[in-house]
């Protein structure tokens, strides 16, 4: 596996038929302590640069673009359900309003890009932004961007021999049932979210208490230095899982979002029966399920997993450009936290497809893990300030 493929193309010439730019896992939040995106300035500059292109451009936002999961509905007062379990169009619209207010610079850049009719924006739906399935949410985004015909919302992009999908549908913990998208409860239409959403939702208080830890990789290395916190997280996870089986389905028997996770148990059972103790990564699942169709496209791009990945074989290539949210690599010896670079995929569509994985360096400081552990919230704010972003809450 190659980690960095940079500047493999010559500059785009004026005769190019089309350009495709793919970036994913941006995770725009509400500008509060659970918002992990702070690179507004850098992302907006990239989009504005693309907006100046005179040839057709497809800008593909490959899932988890808007982080509805970690965005509170309201901030002020003692609101019991700031992170509601019941996902309605009304709650999703309120979250969208908060995201827009927190990241107007990015939205303004998208709006500028979409002014040209041959510049298309594709919002690929990921597990953090299933709320895009609501028609009202899609309509509001088009209104905010002052564009309608060239703003698209899809589960995947498949054009010109390029296949783009977020990837959560190959991760059974996060996949959504596309044949049963909606639930009815107390005369309200709810999104039928996967079981893992309930786990995230039920433990958002841990994200608020430890907002920096989720940004640190690799997790096994981090675990060695935060044993006390890790024990707390493991205990809360076990407690939630036990409640999911023995308490919630009975306590909230009429609530369809608290159903028994039969599909989860079925997957675990099949894994044990087939002696598959390790969960398959999404690329392995995708290739296994599409083994006879891999020749249908030339370039496959996925997100969901926050890593840089490249695999070339025969006439196709698979790419992970990594996340655009604020993340760090932890050195196990020095305990230094190094900010990860941002990457995106750029493709020229002409007589043949040409691609490159472009690295975007951001000038940032290294942090010391021990310092971060003493003041996680302070370092979340410090990281934002280094990129010229100010948290709203």
Practice item. Taking only Cα atoms and a 10 Å spring cutoff, compute GNM fluctuations for the chain and point out the largest among 32, 179, 127. Key: 179
Review point. Could you give P(r) for the stretch 18-386, binned at 20 Å from zero, as whole percent values over all Cα-Cα pairs?
Key: 27, 60, 13, 0
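When the chain is fully extended, how far beyond the present Cα-Cα distance does residue 291 get from residue 209, taking 0.36 nm per residue of separation?
Working: separation 82, 0.36 × 82 = 29.52 nm, distance 4.36 nm.
Extra length available between residue 291 and residue 209 comes to 25.2 nm.
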Check your understanding: Taking the Cα atoms of the stretch 110-208, what is the range of coordinates along each of the three principal axes, in descending order and whole Å?
Key -> 42, 33, 32
Point to revise | residue 237/residue 353 FRET efficiency (R0 41 Å; Cβ-Cβ; nearest 0.05) | key: 0.45
Review point. Tell me, what does the Kirkwood hydrodynamic radius of the stretch 214-262 come to in angstroms if you use every pair of distinct C-alpha atoms?
Key: 12.7
Check your understanding: Counting DSSP beta bridges with both partners in the chain, what percentage is antiparallel, nearest 5?
Key -> 55
Study note, to complete from the structure: Computed curve, the stretch 169-269, Cα-only Debye sum without solvent term, log₁₀ I(q)/I(0) at 0.12 Å⁻¹, is -0.51
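Quick check on the exposure proxy: order 381, 325, 219 from fewest to most C-beta atoms within 10 angstrom.
Working: 381 17, 325 22, 219 11.
So the ranking, lowest neighbour count to highest, is 219, 381, 325.
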Study note, to complete from the structure: Footprinting proxy, 64, 281: sorted fewest to most Cβ within 10 Å, the residues are 281, 64
Exercise for review: Taking the Cα atoms of the stretch 40-111, report the difference between the largest and smallest coordinate on each principal axis, in whole Å and largest first.
Suggested key: 49, 20, 16
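I need 295, 320 ordered by Cβ neighbour count within 10 Å, fewest first. Display every interim value, and only then the final one.
Values: 295 9, 320 27.
Ascending Cβ contact count within 10 Å gives the list 295, 320.
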Review point. In degrees, nearest 10, range 0 to 90: what is the angle between the Cα axis of helix 89-102 and the longest Cα principal axis of the chain?
Key: 60
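Evaluated at 37 °C with a viscosity of 0.692 mPa s, what Stokes-Einstein diffusion coefficient in µm²/s does the stretch 91-137 have when Rh comes from the Kirkwood expression over alpha-carbon pairs? Mind showing how you got there, number by number?
Numbers: Rh = 12.0 Å.
So the translational diffusion coefficient is about 273 µm²/s.
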Check your understanding: Of 178, 353, 28, which has the largest mean-square fluctuation in a 10 Å C-alpha GNM of the chain?
Key -> 178
Review point. What distance in nm separates the simple spin-label points at residue 377 and residue 284, each placed 7 Å from Cα in the Cβ direction?
Key: 4.1
Exercise for review: Go ahead and set up a Gaussian network model of the chain, Cα springs under 10 Å, then flag whichever of 321, 56, 218 fluctuates most.
Suggested key: 218
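Values in this text are rule-based calculations from the coordinates and carry no lab data. Note that the structure is a prediction, hence the values are computed from the model and not measured. Cβ atoms come from the backbone with ideal geometry, glycine included; neighbour counts cover every protein chain shown.
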